[in-house]
Amino acid sequence: NDENSVFDVIVLTVELPFTIARKLTNPVPCDGYYCRPLVAMSIALSPIWIRFYFLEQFDLDIFSSHVGYLATFLTSLISIFVARYAPNGDGPMEFYMIVPITLYGFAISATWLDSIADKLVQLLELFGVLLRVPKTIMGLTVLAFGNSIQDLIANISVSKKGLSTMAVTACFAGPIFNFGVGLGLGFWALMKTT
């Protein structure tokens, strides 16, 4: 493609296996790019990602008990149901089908985001060690900026759409939520380990 530079081609090539894995494990039943076979396959393959995620993040093999096998059976059953009864190109999915699949896809997306964010933090910690920057300085600068930039972009785009009250509310609600839930869950996890 003439539009992509050599750097873009290299980055897209490196990213391709992860993009394929995300597409194959994250069901997205949205209008515009809804594909019945892909949604059915992603529901069926999502337990593979969940197993990898729990092994990587929590050192827990969900297939060491019946939970993993039960989840695989249920997602396979649901994927067969979607492949057989969901509309294919002749209209959107029914509301009773799209809501649970979307919520399940949201949960899978959250695990992907958690895993990617964890790898990014590990990479930034490596750069901090290599450059001999203390962890507190890295946390106050690079990690704080990386954590806040998406809120800034979202608030600017919301205010450009004429929803300035919502943008101002989000400026305060986001950090309050992070303090309440982030610190609460963080301290709860710390309390459980000590």
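The values are calculated or read from the model by the stated rules, or taken from the named source; none is laboratory data. What you see is a predicted model; the values in this text were computed from it and never measured. So basically every Cβ, Gly included, is an ideal-geometry build from the backbone, and we count neighbours across all protein chains shown. Note: areas computed on protein heavy atoms with side chains; ligands, DNA, RNA excluded. Shrake-Rupley method; radii C 1.70, N 1.55, O 1.52, S 1.80 Å.
Selection of region 115-148 for residues being charged (D, E, K, R) and free of Cβ contacts under 8 Å to residues at least 24 places away in the same chain yields 119, 125, 132, 135.
Cβ separations smaller than 9 Å between residues 6+ apart or across chains give the following pairs from region 51-74 residues that are farther than 15 Å from residue 115 by Cα to residues that are of a type outside the set (Ser, Thr, Tyr) and open to solvent by 100 Å² or more (accessible area, probe 1.4 Å): 72/48.
Checking the stated criteria, residue 48 turns out to be without any contact (Cβ under 8 Å) to a residue 40 or more places away in the chain and farther than 16 Å from residue 30 by Cβ. Is it the case that some residue within region 57-69 is aliphatic (A, V, I, L, M), farther than 19 Å from residue 26 by Cα and part of a helix (DSSP H, G or I)? Among the residues of region 57-69, at least one is aliphatic (A, V, I, L, M), farther than 19 Å from residue 26 by Cα and part of a helix (DSSP H, G or I), which makes the answer yes.
The number of residues in region 137-170 being in a helix (DSSP H, G or I) and either surrounded by 13 or more Cβ atoms within 10 Å (Cβ to Cβ) or aromatic (Phe, Trp, Tyr) (or both) comes to 18. For region 44-67, a residue qualifies if it is of a type in the set (D, E, K, R) and closer than 17 Å to residue 22 by Cβ, and the qualifying residues are 51, 56.
Considering region 76-108, and only residues there that are open to solvent by 80 Å² or more (accessible area, probe 1.4 Å) and either among the polar types (S, T, N, Q) or in contact (Cβ under 8 Å) with a residue 60 or more places away in the chain (or both), the residue that is nearest to residue 42 (Cα to Cα) turns out to be 88. When restricted to residues that are at positive phi and surrounded by 14 or more Cβ atoms within 10 Å (Cβ to Cβ), region 1-60 contains 0. Restricting the first member to region 171-193 and to residues that are within 29 Å of residue 153 (Cα to Cα), and the second to residues that are surrounded by 10 or more Cβ atoms within 10 Å (Cβ to Cβ) and modelled with pLDDT under 90, the beta-carbon pairs closer than 7 Å and six or more apart or on different chains are 171/155; 174/151.
Cβ separations smaller than 8 Å between residues 6+ apart or across chains give the following pairs from region 12-25 residues that are in contact (Cβ under 8 Å) with a residue 60 or more places away in the chain to residues that are open to solvent by 90 Å² or more (accessible area, probe 1.4 Å): 25/48.
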